[in-house]
1. Please state the charge dipole magnitude for the chain, taken about the Cα centre, from unit charges on C-beta atoms (+1 on K and R, -1 on D and E), reported in debye and rounded to the nearest 20.
2. In whole Hz, with x marking every Gly and Pro, tabulate ³J(HN,Hα) for the stretch 132-142 from phi via Karplus 6.51 cos²θ - 1.76 cosθ + 1.60, θ = phi - 60°.
3. Please report how far the C-alpha centroid of the stretch 149-178 lies from that of the stretch 52-105, rounded to the nearest whole angstrom.
4. Considering the Cα trace of the stretch 77-164, what is its radius of gyration and what is Dmax, both in angstroms?
5. Compute the semi-axes of the equivalent ellipsoid of the stretch 1-84, taking the square root of 5 times each eigenvalue of the Cα gyration tensor, and list them largest first in whole Å.
6. Taking H placed 1.01 Å from N in the peptide plane, check which residues at least 5 places from Glu35 or on another chain put their amide H under 5 Å from its amide H.
7. Compute the signed sum of charges (Lys and Arg +1, Asp and Glu -1) over the other residues within less than 15 Å, Cβ to Cβ, of Leu166.
8. Can you give the % of DSSP beta bridges in the chain that are antiparallel, to the nearest 5?
Amino acid sequence: MIRIGIILGSTRPNRNGPQVAQWVLDTASRRDDAEFELIDLRDHPLPHLDEPVAPMFGPSVHEHTRAWAERIAPFDGFVIVTPEYNHSAPGVLKNAIDHLFAQWADKAVGFVSYGASGGVRAVEHLRLVCSALGMADVSQQVTISVLTDFENYTAFTPGDRHTTALNALLDQVLAWSAALAPLRQTGAETTLVNS
């Protein structure tokens, strides 16, 4: 069965992300066409990228990076839940992405974003990053306004339109994850041969 990781891309104190990520997980878990799992970056503290060589050129020398790679590798696709900070994605999310290379390749990714403008600018940047890693980013996006979709800016109150958009996003992520499976298999075989 297809496995999708839901990455919570904020580690700030008093963050709104856990409510959004839990809603994504709860909505996704009603489906029977994939398995979904929440990945909170707070559970995977990574220093600022500290590998002596770029991830595309060799195995990691650091245990924290190897543990992160083992966490990400089994998934067939991802939904990234991200806030928007100063017109971009959180540094902690970019850093977590930058720690790996092969573990992202040939996998689908969709975005659920939140912020004053729905987080759209953060996702614009993340689409470029994910594309450079060989990921297939789906066109459907869920945008959540902290001004209108949170009571008192703190309690997430998703509307029906958000659920409709999320289900469309999940449909696309699952379809692309399935379509890319042969490429992931070929990549895994190549990695084993070259190890």
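The values are calculated or read from the model by the stated rules, or taken from the named source; none is laboratory data. What you are looking at is a predicted structure, and each value in this text was computed from that prediction instead of being measured. Because the Cβ atoms are built from the backbone with ideal geometry, glycine has one as well, and the counts that use them run over all protein chains shown. SASA here: full protein model, heavy atoms, side chains in, ligands and nucleic acids out. Shrake-Rupley method; radii C 1.70, N 1.55, O 1.52, S 1.80 Å.
1. Values: 14 positive and 22 negative charges, 52 e Å.
So the magnitude is around 240 debye.
2. Coupling constants for the stretch 132-142: 5, 8, x, 8, 9, 8, 7, 6, 5, 9, 9 Hz.
3. Here the two parts' Cα centres lie 23 Å apart.
4. So, for the stretch 77-164, Rg and Dmax equal 13.4, 41 Å respectively.
5. Numbers: eigenvalues 129, 63, 15 Å².
That gives 25, 18, 9 Å for the three semi-axes.
6. Here Ile2, Arg3, Ile4 satisfy the definition.
7. Working: positive: Arg30, Arg31, Arg161; negative: Asp26, Asp33, Asp149, Asp160, Asp171.
Within the 15 Å Cβ shell, the charges total -2.
8. On the way: 3 of 28 bridges.
Antiparallel: roughly 10 percent of the beta bridges in the chain.
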